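What follows draws every value from the coordinates through simple rules; no lab data is involved. Because the structure is a prediction, the values reported are computed rather than measured. Neighbour counts are summed over all protein chains in view; Cβ atoms, including those assigned to glycine, are modelled from backbone coordinates with ideal geometry.
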Amino acid sequence: MVRKLIFILVLFSSAVAFAQLNPQSKKITKTFFPDYDALEDITPALEKKKGYTDYEELISFLNALVAEHPDLIKLSFIGESQKGKQIPLVRLTASNSKEKIKVWMQGGLHGNEPASTEGMLYLLHQLLNNSKYVQLLNAIDLAIIPMANIDGYEKQDRYAANGLDLNRDQTKLMAPESVYLKQTFSDFSPEVALDFHEYRPYRKDFAQLGAFGITSLYDAMFLYSGNLNVPENLRILTDTLFVENARKTLDENMLKHHDYISTRKFGGEIHFNQGSVSSRSSATNYALTNTISTLLEIRGVGIGRTSFKRRMHTTFIIAISYLETASQNIQLVKQEISKASEQQNDVVVTSARTVEKGTIQTIDLDANAIIDLDVTIRDALRSKPKLVRKRPAAYIIDANQKEIIEKLKILGAKIDILENDNEIEVETYRVSEYKRDTKKYEKIKLQTVETTIETKKILFPKGTYKVNLNQRKANIILEVLEPEAPNSFVSFGVLETEKGKVLPIYRITNE
């Protein structure tokens, strides 16, 4: 008991402890996570013994690649970080007339996850210089943001300069970086998207599990969406083709993997959440634009440069796997996206995870061995609908709602404007229940509402906005406009309201 208490105090008592101490013993590293020395020392961080690639080194590295391969790579900048540093976008493709598939990759959205950025730099170098991979660019139009959160990365801090988590800002779009990144993503309109992260393998909750605490076993975890508004055919294709091929690649390299799991307490008991349905983060946000989407979590936060080449190698081979799968299935992916864009399913406004008992593998720190751990799993990949509404043909939005319209455009929505006064039969939302949180989440106080739907004819003046849903990115529109949805503009206070109020958003269901 005393040993366990000391373990908790030293390793888990505060964020400061994580920043200053590496909780992973050499014994754990040697037994389970030996480094991958075959990785070439070709990126800035690998050419030095301490630290990671800084911004100046990043730009110098990218400029060198452009100078060496001007026919294959283009460098541009999509906007500035809050501290005035330009955010680089790298485009790679071969000049030919072949039909190509668009792939988006991103690293460094959380500033304290350095293997994501370094893995992207290693990928760029290999795609341009290794004959084994250069041919991929004949079939792929690749866009890479290697360091999305520059200000956070420079400090090795998770958050942007204003304290926002950029992977909780994908619908409310409060940070400048979020706006630039999302606008660039929308303009590029990829068919496949990956967001590379690292995860913390020593969590506070883990100290309470096993005989003397546990640590995560998995080199990589796959986060792909269980959101029921993501068309089922795309959810299946993501799992059974793209993720499955990457799983096989990891197996071949003797690297452990799992669907993404993280701990949370429910009634004092530690449960494991598996997967996600939340559009405030990239995996689901991208998927709701009818894109094959995955967020990769590589084992690394809080352990410094321990197993750094191993983490980079894991990032790299997953990226290559996705590129190979995309290049070999261009027509299949395009056909499935087209099929998804034509779907007319009802809207799942809210849903619930399936809760059941299960077993995960983990490392017991006392035994220095892999154990099977019986746990409660709350599975988002098998979510069940709660609040369901008929899918509208379009939304009408009052002309004074400029902020909503601007954010919809950034999310990739196509917006029409009424050219004349027009009487339209619509469904209105009247707020019947209202709660506003007392504590702030990501600098805002969340609103929770219930609404009643009323059908009526309303004369809408010229200049009113109309958002038709016969467009590829319709599902992200549903997610932000249905007021009860947990990541909607109402939930995040983009549109403030109160009990009894009629919202300035209307549904057309019979057009």
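Here are a few things to note about the model shown:
- Note on the range 123-184 and the range 49-66: Cα centroid distance 15 Å, given to the nearest whole angstrom.
- Charge-dipole axis of the range 390-508 as Lys and Arg at +1 and Asp and Glu at -1 on Cβ define it, positive-most pick from Val502, Asn422, Leu459: Val502
- Gain in span if fully extended, Ala369 to Asp346, counting 0.36 nm per residue against the direct Cα distance: 3.5 nm
- Only Lys, Arg (+1) and Asp, Glu (-1) charged, at Cβ; the chain dipole about Cα centre in debye: 1040 debye
- Of all DSSP bridge pairs formed entirely within the chain, close to 70 percent run antiparallel.
- Of the residues Asn329, Asn63, Ala220, the one whose Cα sits farthest toward the positive end of the charge dipole of the range 2-341, with +1 on the Cβ of Lys and Arg and -1 on the Cβ of Asp and Glu, is Ala220.
- Burial ranking of peptide ranges 349-356, 234-241 (average Cβ count within 10 Å, highest at the top): 234-241, 349-356
- Residue-span extension gain [Lys334 to Gln208] - 0.36 nm each, minus C-alpha spacing: 40.7 nm
- Neighbour counting of Cβ atoms within 10 Å sorts the residues Asp259, Asp421, Asp374, fewest neighbours leading, into Asp374, Asp421, Asp259.
- Taking other Cβ atoms within 10 Å as a rough exposure proxy, Ile144, Ile270 sort from fewest to most as Ile270, Ile144.
- The protection proxy used here, the mean number of other Cβ atoms lying within 10 Å of each residue, ranks peptides 407-416, 89-98, 105-114 as follows, highest first: 105-114, 407-416, 89-98.
- Annotation: lysines with alpha-carbon distance below 17 angstrom to Lys440 (same-chain offsets under eight excluded): Lys172.
- Centroid-to-centroid separation of the range 96-112 and the range 312-350 [C-alpha atoms, Å]: 13 Å
- The relative contact order of the range 411-511 comes to 38 percent, based on Cα pairs under 8 Å that sit 6 or more residues apart.
- Taken as Cα centroids, the range 438-511 and the range 213-241 sit 28 Å apart, rounded to the nearest whole angstrom.
- Helical runs assigned H by DSSP (4 residues or longer) give the chain a calculated mean residue ellipticity at 222 nm of -8500 deg cm²/dmol, each run adding -39500 (n - 2.57) before division by the residue total.
- Label-point separation, Asp239 to Ala94 (7 Å along Cα→Cβ), nm: 3.5 nm
- Sequence-separation-based contact order of the range 170-329, relative, with Cα cut under 8 Å and 6+ spacing, percent: 36 percent
- Cβ-placed point charges (K, R +1; D, E -1), dipole of the range 390-508 about Cα centre in debye, nearest 20: 320 debye
- Extension gain, Gln156-Thr263: 0.36 nm per intervening residue step, less the Cα-Cα distance, totals 36.2 nm.
- Checking (1) 0.97; (2) 1.04; (3) 1.30 against the coordinates, the calculated Rg/Rh (Cα atoms, Kirkwood Rh) falls under label (1).
- In this rough spin-label picture, where each label sits 7 Å from Cα along the Cβ direction, the Glu40-Asp187 distance is 3.2 nm.
- Summing +1 for each Lys or Arg and -1 for each Asp or Glu among the other residues whose beta-carbon sits under 13 angstrom from that of Phe77 gives +1.
- Among Ile101, Ser281, Phe185 - extreme Cα towards positive end, dipole of the range 2-341, charges at beta-carbon: Ser281
- Taking Thr325, Thr315 and counting other C-beta atoms within 10 Å, the order from fewest to most: Thr325, Thr315
- Rough spin-label spacing in nm, given labels placed 7 Å along Cα→Cβ, for Glu511 and Ser25: 6.4 nm
- Relative contact order for the range 2-341, counting Cα pairs under 8 Å that sit 6 or more residues apart, in percent: 22 percent
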